[in-house]
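Trainee: I am attaching a structure below and will ask some questions about it afterwards.
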Amino acid sequence: MTVRPRWGAVAPAALVLGAGAAALAPAGPEALAPLRAVAAVAEVSVAVVIDFGGGSGAPATVVQCVQVPSGSTDAEALSIAATQQVSYAQSGLLCQIDGYPADGVSNCDASSGQEYYFWSYWHGSGGTWVYANDGPASQPAAPGDVEGWRFQDPGPANPSAPAPGPAPAYASICPNGSSATTAVTAIPPPTTGGAPGATASATTAPAPTTGGAGAGSPPPTTVVKPTSPGATNTSRAPTGTVTSTTTGAATGATTTSVLGGPSGRRSPADGAKGRGHGAVALGDPTADRRPPGSGSVLPAVVVAALVLALVLAAAWRWKKRPETR
Amino acid sequence: MIRFSDVSFTYVDAPAATLAHVDLAIGDGELCLVVGPTGSGKSTLLRSINGLVPHFSGGHLAGEVAVAGRSTRDVAPRELADLVGFVGQDPAASFVTDTVEDELAYTMENLGVPPAAMRRRVEDTLDLLGLHELRDRPLLALSGGQQQRVAIGAVLTASPRVLVLDEPTSALDPAAAEEVLAALARLVHDVGLTVVVAEHRLERVVPFADSVVLVPGGGRPLVRGDPGTVMASSPVVPPIVELGRLAGWDPLPLSVRDARRLAEPLRQRLAPLEPGAPAAIGAPGAGRAAPVGAGDDVLATTEHLGVAYGEVTALDDVGLSVRRGEVVALMGRNGSGKSTLLGQLAGQRAPTSGRVRVLGEAPAALTARRLIAKVGLVPQDAGLLLYGESVEAECETADHDAGLPPGTTAATLQRVLPGMPGRRHPRDLSEGQRLALALAVVLAPAPPLLLLDEPTRGLDYPAKERLVTVLGELAGSGHAVVVATHDVELVARVAGRAIVLADGEVVADGAAREVVCHSPVFAPQVAKVLAPEPWLTVDEVRRALAGAPA
Amino acid sequence: MIRRPRPAAGRRVLHPVAWWLWAGGMAVAANKTSNPLLLLLIGAVCAFVVAARRTSAPWARSLGFFIRLGLVVIAVRVVIEIVFGQRGVPGHIVFSVPSVTLPSWAQGVSIGGPVTVESILVAATQGLRLAAILVCFGAANSLASPYRLLRCLPAILYEAGVAVTVALAFAPELVLSIAGVREARRLRGRPTRGLRGLRGMAVPVLEGSLDRSLQLAASMDARGYGRRQALDPGVRRLATAGVVVGLLLVAAGVYGILDPGSIFGLGLPVFALGAAAGALGMVAGGRRTARTRYRPDRWGWREWVVTCSGAVALGAVAVAEATGVRGVQVAFTPLVVPSLPVLAVASILVGLVPAVAAPAPSRPGAAGPCGRGAAGGTAASAPAGVGVEAPVT
């Protein structure tokens, strides 16, 4: 008796939800961005230096200033700084930054003789690098932090565990060091089919990465992640913000937000622009970036189907046999 | 073959000697039956042949026991394993491996017999005992008779010259007991083994025995002789012998066949008489007198009762009813569902299909306290009910559990079995005493319905007599009693109604006399001797003869 | 006496050690991978082989227990991760557990905090690895008769083997007797649960077990168990010394193998030497018991096939892991569908070979002497009404 009215109430709600989902689907998660009006959030600037160790095939060193919401940890600063993603092993050991080394995930504790390959973690303190005693996740991001990462490549030419190359100078890496509070208004969704640079160019038309500081200091390099329109790059680690130290606030920056994770912002890539000293673009920035290791879903589906078939066959065979307990 | 020379044995901490100055000689190829009341020392006598007494049990042995010239004094039982084979009451408790063939080979492995000889002997033993279809079966899946035969085979493969069996058929239904005894007889006649058997249910073994040893207990001397002589004066006798004494037959017949030849005059005398004349309330047989449908309460009913454990059906469409004042016997071979039916009446689990009602309620749904006020079940292993430190403690706990005034259980116990030592640990009691204690505990809250599962296993004749009396009194005072038993003699003495189960179904349900008399498996000895006249017990015959005009 | 014609032997059971080697290979392969799909595949393969080749013996149903145990392990691992898990790896947060800050000396431990999908997946996969090993162990348990396995022990361990065999036989009886005692307690109107119930149940069960064990001991003694041959005292001392020294050397060798920085030569050579010394001591000491073996299990081509299938699975996965093939060790940060190495999948599927190579279990007799049902029908299967009914209901 009471079922009918309840079903009657549910049906229109379901229709609305379904229609909403259908409308949003083509746009991808970026479409949810306008629904998230981010209030003013205090942000902290952290300097991150990633030294790939200089082995064969190693990318060039990355030196960046990233801004993370206060309260997040240095691990998130790293994931913002990395252009692709950071892979951790199941044990929590960091295996791969930006896809280097290529076999990092499958061989996370690789060794050569008595020495091991590993990513080392350093803190900058008073102008020198100090080996960190704890993991980045246990360190809250504080203004003035300089985080260093170096990939240790054991070999006869390397002394054991050297520090990252660039000096830990916070002032030069993050000249605008104090926390810059930036209000973010509702962001228009990226237009499909538009060139990634369409909305981007508005922000970075001026000299993007040269800081307002003196030219003597090596300008921070900005290597940013492009947003391909409609690409649901949901596998990325949460993004943060990289602000070029422009005087004006970045306007119209597109936000690619991913569910959960601290929200940060990153200004979109700008093809040939934004090259600073010592920066090397990692391949074609407009190319569709796939995180390493995510092949097609087909083998996994096949194996899952195989597992299911075996289990069902086993259950059927089990039942066939008469029991004598 | 076996010689006891002035053997005396005392257990550690025992007040008196169990065996005193025993002189005995058992010849080669004899089947010797050892009889005597419980606790008289039969088991001790048997185990001393093997060396288990004193090497395994402890105690002080004086004198010498020699088997085929080898003395058991200095040699452990394991050294005699190739000479003497010992089979106990519970075959399942002596199995070491998991299949029949491995069990048969186990003794030979211990003795270091070469593999080729082992193979040959296993095949021979399988043939001898009729086990060759069972050779790969797991031991737990065999029936009781098969297990007992496997246990016999397991000691037989060592080619011993003497076989000692301590109550081999007490756990078996009549058909299985016949199998085992036939196998024993074949061993004696074909293979020439010397077999020494102790049994309570003499009627099964006496026909096969070459000699009988009576152990009277209490330190009195043994009596040995051929069966006829010993049975003539023994206090424990099977019904045939009792009948023969009553009718004055000479020589005393020991088997049904012999008795039938002598029974013709008695049959003619009994032809005009009616068995089962109503007896006084409280006397044995009172239960039988209660006519069916006398308008008394129906205490328990089952309708279309079905019980299944997984894929195995234990009970199938069983319908019966039990009235006040009835003593109902549940019979059937092992595995036919007797215990399951009693468990259903006692509310141990809910039925898979159908209904059970005891005094109008489903017993499985009752709380324990309300249950024991309605129905009492004495399980097969009465010791499971007992966990007190002493008999007195047990009675007190029973009073407390049932919410009875203190002393009730002790009074019941006194009625059931007077003279029970109060301080003794229940595990140290004899079988009959333990059954009496369990019965008292269950009877204390006076449940109208009483269930007993195989109560006579291990009971000697005097204890059985007491049980029969108690059951008769209970029936007379308005209880209903359901007894699941193999013991046809008990059924003949006490049951008014008999239900036969086979494969979980009711095969026969009616007055005990009709069900039991003409069945080749379940007929008591008196019925077999006096067939076609429907007489069940010697008491009936005695009463009829006494009441008839001379 | 008429001899009946004997049927063909028809008893061909796979050697239990072959089953254990196969299961061991699958278990070590499971240990080497952290890919949840590969682990599930290993578990499914083991379950299928058990379903195809198990007998109707009582231990053949133990796989269900191990599967349930594995699920419990996974659940416990996930709960531990939610409460205590490391929070160092960024990911997609699902919910947050209220966190407790610990003093700095307990810095390595974290309680509470945000729980991410990745960390739950990692915990579940680690639990799944343990569950897969348990399933392999359960498969070996179900397929290989423990009695026959114990018969394969060397002679010097014979008595320990008998103790284990008897314990194996007693365990189901103990369960039955506990059930019987519980039912009996209901007949006395007593509680069957809780601490009050425990004492009342423990005493009869223990007393019954003691009685049964004494009976068993008497019958074993009467059947010749424990016959000894006198050994030369010198040989006896040599045997004992050999076993002890061998074990010490094996321990040192294992340490040497595991620690790459140890003295040269402490690894494999010392291990091999210790194993040889121990084996020699066992053989020498085994001559003390003059036992023969009745129809020992043969090791034929089937045993080789089964063992090799386990070895192939293990070898391929081990090689894939050592050479760093993608998909054997997977990371869940970033959250991607793990790739699957074809060779590893194929080699795990080779583990299905025993389902056809092992001899099919003999079909139980149609209607045993107890009538209805399979061999033994109602025998011993239905829990006895009250008490342990010897031997059938």
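Trainee: How many residues are in contact with a Ser or Thr (Cβ under 6 Å, 6 or more places away or on another chain), surrounded by 23 or more Cβ atoms within 10 Å (Cβ to Cβ) and not β-branched (Val, Ile, Thr) when one looks only at region B:33-64?
Mentor: Result for region B:33-64: 2.
Trainee: Another one. If the Cβ limit is 6 Å and pairs must be 6+ apart or interchain, which residue in region B:345-356 that is in the same structural domain as B:Gly319 (by TED's automatic domain parsing) and on the phi < 0 side of the Ramachandran plot pairs with which residue that is of a type in the set (S, T, N, Q) and assigned to a strand (DSSP E or B)?
Mentor: Hits for this filter: B:Val356/B:Thr302.
Trainee: Right, next: Mind counting the residues in region B:358-409 that are on the phi < 0 side of the Ramachandran plot and either in contact (Cβ under 8 Å) with a residue 24 or more places away in the chain or under 26 Å from the mean Cα position of the chain (by Cα) (or both)?
Mentor: Total meeting the criteria: 33.
Trainee: Continuing with the same structure: Considering only residues that are part of a helix (DSSP H, G or I) and within 14 Å of chain C (Cβ to nearest Cβ), look in region B:413-429 and name the one that is surrounded by the fewest Cβ atoms within 10 Å (Cβ to Cβ).
Mentor: The extreme case among them is B:Asp428.
Trainee: I need the helices (runs of 4 or more DSSP H) fully contained in region C:264-352, keeping only those with at least 3 residues that are touching a helix residue (DSSP H, G or I) at 6+ places or on another chain (Cβ under 6 Å) and within 30 Å of B:Pro115 (Cβ to Cβ).
Mentor: C:268-286, C:301-322
Trainee: Further question: Give just the number: which of (1) within 11 Å of another protein chain (Cβ to nearest Cβ); (2) outside any helix (DSSP H, G or I); (3) surrounded by 15 or more Cβ atoms within 10 Å (Cβ to Cβ) does C:Arg228 not satisfy?
Mentor: The number of the failed condition is (3).
Trainee: Show the residue pairs that are 6+ apart or on different chains and have beta-carbon atoms under 9 Å apart, the first residue being within region C:282-307 and over 29 Å from C:Gly351 (Cβ atoms), the second being among the hydroxyl-bearing types (Ser, Thr, Tyr) and not in a loop (DSSP other than H, G, I, E, B).
Mentor: These pairs meet every condition: C:Gly285/C:Thr240; C:Gly286/C:Tyr158; C:Thr289/C:Tyr158; C:Arg291/C:Tyr158; C:Tyr294/B:Tyr106.
Trainee: Taking the condition modelled with pLDDT of 90 or more, in contact with a helix residue (DSSP H, G or I) (Cβ under 7 Å, 6 or more places away or on another chain) and buried (at least 21 other Cβ atoms within 10 Å of the Cβ), does C:Ile120 pass?
Mentor: It is false that C:Ile120 is modelled with pLDDT of 90 or more, in contact with a helix residue (DSSP H, G or I) (Cβ under 7 Å, 6 or more places away or on another chain) and buried (at least 21 other Cβ atoms within 10 Å of the Cβ).
Trainee: Go through region A:121-162 residue by residue and tally those that are hydrophobic (A, V, I, L, M, F, W, C) and at pLDDT below 80.
Mentor: 3
Trainee: Taking into account only those residues within region A:49-93 that are within 14 Å of chain C (Cβ to nearest Cβ) and in a strand (DSSP E or B), which is modelled with the lowest pLDDT?
Mentor: Going through the qualifying residues, I end up with A:Thr73.
Trainee: Among the polar types (S, T, N, Q) and under 26 Å from the mean Cα position of the chain (by Cα): does that describe C:Ser219?
Mentor: So C:Ser219 fails the test.
Trainee: Let me ask something else about it. Just one of B:Phe95, B:Phe86 is among the aromatic types (Phe, Trp, Tyr), surrounded by 22 or more Cβ atoms within 10 Å (Cβ to Cβ) and out of contact with any strand residue (DSSP E or B) (no Cβ under 9 Å at 6 or more places or on another chain); which is it?
Mentor: Every option except B:Phe95 fails the conditions.
Trainee: Taking the options B:Gly63, B:Gly69, name whichever one is farther than 26 Å from C:Tyr147 by Cβ, more than 9 Å from chain C (Cβ to nearest Cβ), small (Gly, Ala, Ser) and touching a residue at least 24 places away in the same chain (Cβ under 8 Å).
Mentor: One residue alone meets the criteria, B:Gly63.
Trainee: Inspect region B:350-364 for any residue being acidic (Asp, Glu), at pLDDT 85 or above and either touching a Leu at 6+ places or on another chain (Cβ under 9 Å) or within 19 Å of B:Ala171 (Cα to Cα) (or both) and give the result as yes or no.
Mentor: Within region B:350-364, not a single residue is acidic (Asp, Glu), at pLDDT 85 or above and either touching a Leu at 6+ places or on another chain (Cβ under 9 Å) or within 19 Å of B:Ala171 (Cα to Cα) (or both).
Trainee: When you look at B:Ala346, is it hydrophobic (A, V, I, L, M, F, W, C) and within 9 Å of chain C (Cβ to nearest Cβ), yes or no?
Mentor: So B:Ala346 fits the description; yes.
This table checks each residue for (1) within 28 Å of the chain's Cα centre (by Cα); (2) within 9 Å of chain C (Cβ to nearest Cβ); (3) of a type in the set (A, V, I, L, M, F, W, C).
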residue: B:Asp74; (1), (2), (3): no, no, no
residue: B:Glu79; (1), (2), (3): no, yes, no
residue: B:Glu109; (1), (2), (3): no, yes, no
residue: B:Leu165; (1), (2), (3): yes, no, yes
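Trainee: For region A:94-104, name all the residues that are acidic (Asp, Glu) and more than 7 Å from chain C (Cβ to nearest Cβ).
Mentor: A:Asp98
Trainee: Of everything in region A:303-319, what is more than 8 Å from chain C (Cβ to nearest Cβ) and among the charged types (D, E, K, R)? Give them in sequence order.
Mentor: A:Lys319
Trainee: A follow-up question, please. Give me the pairs, please: first residue somewhere in region B:507-518 and in the same structural domain as B:Val322 (by TED's automatic domain parsing) and assigned to a helix (DSSP H, G or I), second residue anywhere and modelled with pLDDT of 90 or more and among the charged types (D, E, K, R), beta-carbon distance under 6 Å, and either six or more positions apart or on two chains.
Mentor: Note: pairs meeting the criteria are B:Ala512/B:Arg497.
Trainee: Only one of these conditions is not met by B:Ser8: (1) surrounded by fewer than 23 Cβ atoms within 10 Å (Cβ to Cβ); (2) closer than 27 Å to B:Asn110 by Cβ; (3) in contact (Cβ under 8 Å) with a residue 24 or more places away in the chain; (4) of a type in the set (S, T, N, Q). Which number is it?
Mentor: Among (1) surrounded by fewer than 23 Cβ atoms within 10 Å (Cβ to Cβ); (2) closer than 27 Å to B:Asn110 by Cβ; (3) in contact (Cβ under 8 Å) with a residue 24 or more places away in the chain; (4) of a type in the set (S, T, N, Q), the lone unmet condition for B:Ser8 is (2).
The values are calculated or read from the model by the stated rules, or taken from the named source; none is laboratory data. Because the structure is a prediction, the values reported are computed rather than measured. Neighbour counts run over all protein chains shown; Cβ positions are idealised from the backbone, glycine included.
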